[in-house]
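Since every read-out is calculated from the coordinates, none of them should be taken as a lab result. Quick caveat, the model's predicted, so the values are computed rather than measured. Every residue, glycine as well, gets a Cβ built from its backbone with ideal geometry; the counts of neighbours run over all protein chains shown.
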Amino acid sequence: MLPRALTNVIEALGRLPGVGPRTAERYAYYLFKTNPKVAENIADTLSALHSGVKSCPVTFALIDADEEVSPLYSDDSRDKATVMVVEEPLDIYAIEQTHAYKGTYHVLGGAISPIDGVTPEQLHIGELVKRVNNDNVKEVIIATNPSVEGESTALYLEKILHEQNPNLKLTRLARGLPLGVDLSYADQITLSAALENRTNL
């Protein structure tokens, strides 16, 4: 019933995560009826995406294609002796928005998940072990997600890193109740973590 060009856009947008058929239709129709320059700008930025972005060879964070390493690693004001390990590159930007961390990062590229076929060998764990030695790292902060996969990955990292460097300080981001949430709305996993990570007053 719809023109082929519009249908093609709907199908393309529908492949994006979290975008259902109705949302894809609304997006496509909006792009059609709005100023053509909006669609042209989106098309131009998308076409330049893969050529303009690459992974840092040290931290595996996303960087501009003309950069050699991540600015968060090359910056002399960053503490290379402290490394925060995250699952995905975008996790870095969530941490950076707090302005509370001055160390460096290491992106694993996912989490161990046998069900999804993700093994430790597919993650940047070997590179992390090398960094700990090369940069004389004193502390590794494990900031994987509070999921089954994230916990499994954290335990694996703890085992591997302690085997290689018994004196290395390993810490985990605290988990528990977020500020402003009533106890009655918290799920059992969150409450359990809050009890486990309780602090002295």
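Brief remarks on what is shown
- Residue exposure sequence - Met1, Met84 - by fewest surrounding Cβ within 10 Å: Met1, Met84
- Rounded FRET efficiency, nearest 0.05, which uses the C-beta distance separating Asp79 from Glu158 and R0 of 25 Å: 0.75
- GNM flexibility winner over the chain from Asn133, Asn145, Asn41 (Cα, springs under 10 Å): Asn41
- Ser113 paired with Leu6, simple spin-label distance in nm, labels 7 Å along Cα-to-beta-carbon: 3.6
- Spacing of the two label points (7 Å from each Cα toward its C-beta) at Ala43 and Glu68, in nm: 3.9
- Taking every alpha-carbon pair in the chain and binning the separations at 5 Å intervals from zero gives 1, 6, 11, 14, 14, 13, 12, 11, 9, 6, 3, 1, 0, 0 percent.
- Qualifying trypsin sites (Lys or Arg not before Pro) in region 1-96, where qualification requires a DSSP coil assignment and no more than 10 other C-beta atoms within 10 Å, comprise Arg15.
- Between Ala94 and Gln122, the contour length at 0.36 nm per residue exceeds the alpha carbon distance by 7.7 nm.
- Compactness relative to 2.2 N^0.38 Å, alpha carbon Rg of region 142-201: 1.34
- Translational diffusion coefficient (Stokes-Einstein; Kirkwood radius from C-alpha pairs) of region 69-172 at 10 °C, 1.306 mPa s, in µm²/s: 114
- With the simple spin-label model, which puts each label point 7 Å out from Cα in the Cβ direction, the Thr171 to Tyr29 separation comes to 5.2 nm.
- Distance from the alpha carbon centroid of region 161-187 to that of region 26-98 works out to 27 angstrom.
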